[in-house]
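Taking it in order: structure first as structure tokens, then the write-up.
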Amino acid sequence: MTDKLTMGDVERALPLVDDESRAFWEAGRDGVLRFPGCNGCGALLHPPGPVCRYCRSQDLEMRDVEPTGVVVGVTVNHQQWDARYAPPFIIANVAIDADPRVRLVTNLVDVAPEEARVGMRVRARFEHREDVWIPLFAPQDAADAELPDDETPPADHRRWIRPVIPGPRPEDQTAITGIGMSQIGRRLMRPPLSLTIDAVKAAVADAGLELADIDGLSTYPGPMTDGGFGEGGITALEDALGLRPTWYNGGMETFGPGGSVVAALLAVAAGMARHVVCFRTVWQATFAAQMRAAAEKGDFNPYGMASAAKRVAGFAGPYGVGSAANNLAMYASHHFKRYGTTRETLGWVALNQRANAALNPNAIYRDPMTMDDYMSARPISTPFGLYDCDVPADASIAVVVSRRDAAADTRHPPVLIEAIGTQLTERISWEQSTLTHEPQVLGPSAHLWSRTTLRPDDVDVALLYDGFTFNCVSWLEALGFCGIGEAKDFLQGGKNIARDGVVAVNPHGGQLSAGRTHGMGLFHEAVVQLRGDAGDRQVRDAKVAVVSSGGLTPAGAVLLRNS
């Protein structure tokens, strides 16, 4: 057994204290947790806000509660994200006994890493730093607790789905007519805008159009360039190519990274544009190399969320959460506990993507991988190891969405958009959302199937977001390829998701092996498969494909079919 972790020598990023958060961060001085409480329905609210999300009363007052709860998600972090937090350390999501709908991201202390588990009963131990009392949680001497249920159980999200509005569906008026991909690779050291231009030009040419025909632009996440997440958005591309769009769109609060395609569909159906180029550019591999080089010169701290001199906004800042890997790993731990899922379950996803990537000449990782290779990989954030995580890449992907009446003039038979799934049915805040699955997959999936007569059995190819293996597990269950909690059996042996299986998952290798393109590469591969142009990796008689976009943040799903 390893030593119990105390984290007593951690420098910690301290939280930003403002009028909303002060009561929470000062409550530990009195040995309690403090939250706004609703006098209308009795709910506790976190993060604080001006209205009760449950009954919408604005009659709120601060309440002190016992600092006890149950661990509903846990991960042992082994990756150095921030120089202040030396691994390993334990990150947990704790449901508060006074109202289990309130969850706190925290560190577990006074416990050995191998003993940290979902279901553990814990009590806060407050660490005083400057003007704040940071709640850490230590085990109680008590039997494990029964796990709290989600506000909406996973099988019940369909009850929130709004019926289709009568009248013409936007899906019936639109199609995908062109696709393009730039060079893809690790540390290409190319300006990201040059990648975008390559992909956009390729997609427009693939559609048989000229740049002058493009009257709409759509992207995600907009003008962001920090972290290698984009080239500068609509502004950068329009300025470089001299386009004059009648409609344009860019931002993060949309239906996942593929939300640009859904937005383009709506614009085209509304008559705002005839041909919209949707694009997504990443250059995270080059960015990381640049930051490492700068760090060696003492010019930049490549770790973490903020420098040591700054306070961190929100309620997770002090706990060393350095990646979406930590958050998703906690959801995976809950799925493991509730449904008996194992690391081997995740391994079959990783092995499937690697086997498929071997047939994709553009994939970054093509070498064979065995289950032993997977299981022995260095840990990142339990239960995730190295091969549970996607491959940072430099690439740009572009997709042309056109009006169907304009698609007859394009080079290839159009790929038709059968249905979109976009509805929110749960909280967006990561730690407060669904426990059982990756957040933001159950609602969009239920919404998708409400807009079509097709069913999961009709799908030949599933292009499932796989920033991490557990993304795929969640989408497989949410979309109905297997029942809730049945992924362990469905994935056993990997045959059901192989190219000749029940549903072919990510036949190009996905983001786990082909490279992280933040979801747009999935649209590209869906079109390649439905055209029958995938060569050695072609799924036989592929007629229907589903593409899932994102997760954790708002997400979406799109059902495509050939014409």
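Since every read-out is calculated from the coordinates, none of them should be taken as a lab result. Just so it is clear, the structure is predicted and the values come from calculations on it, not from any experiment. Virtual Cβ from ideal backbone geometry, glycine too; neighbours counted across all protein chains shown.
The mean of 1/r over all distinct Cα pairs in the stretch 347-468, once inverted, gives the Kirkwood hydrodynamic radius of 18.1 Å.
Dividing the convex hull volume of the alpha carbon atoms of the stretch 22-140 by its residue count gives 112 Å³ per residue.
Electrostatic tally near VAL546: other residues with Cβ closer than 13 Å to its Cβ, Lys and Arg +1, Asp and Glu -1, net -1. Neighbours of ASP367 by Cβ distance under 10 Å: Lys/Arg scored +1, Asp/Glu scored -1, total +1. The stretch 350-422 and the stretch 246-271 have their alpha-carbon centroids 21 Å apart.
Given the C-alpha centroids of the stretch 510-563 and the stretch 429-498, what is the distance between them in whole angstrom? So the separation of the two Cα centres works out to 14 Å. Relative to the longest principal axis of the Cα atoms of the chain, helix 259-269 runs at roughly 50 degrees.
Summing Cβ point charges (Lys, Arg +1; Asp, Glu -1) relative to the Cα centre of the chain gives a dipole of roughly 740 debye. For the chain, the list of Cys residues with no other Cys C-beta under 4.7 Å reads CYS278, CYS389, CYS472, CYS482.
Short to long, the 20 Å bins of the Cα pair-distance histogram for the chain hold 21, 54, 24, 1 percent of all pairs. Estimated purely from DSSP H runs of n ≥ 4, each contributing -39500 (n - 2.57), the mean residue ellipticity at 222 nm for the chain is -7000 deg cm²/dmol once divided by its residues. With respect to the chain, whose longest principal axis is taken over its alpha-carbon atoms, helix 324-339 is tilted by about 80°.
Residues whose amide H comes within less than 5 Å of that of TYR248, counting only those at least five positions distant or on another chain, are LEU217 (H built at 1.01 Å from N in the peptide plane). Looking at the chain alone, DSSP beta bridges between its own residues are antiparallel in about 80 percent of cases. Within the shell defined by Cβ-Cβ distances under 13 Å, the residues around THR434 carry a net charge of -4, with Lys and Arg each +1 and Asp and Glu each -1. Just check the stretch 505-563 against the gyration tensor rule for me: Cα atoms, a ≥ b ≥ c as the square roots of the eigenvalues, rounded for a/c under 1.5, and otherwise prolate or oblate depending on whether a/b exceeds b/c. Here the stretch 505-563 falls in the oblate category.
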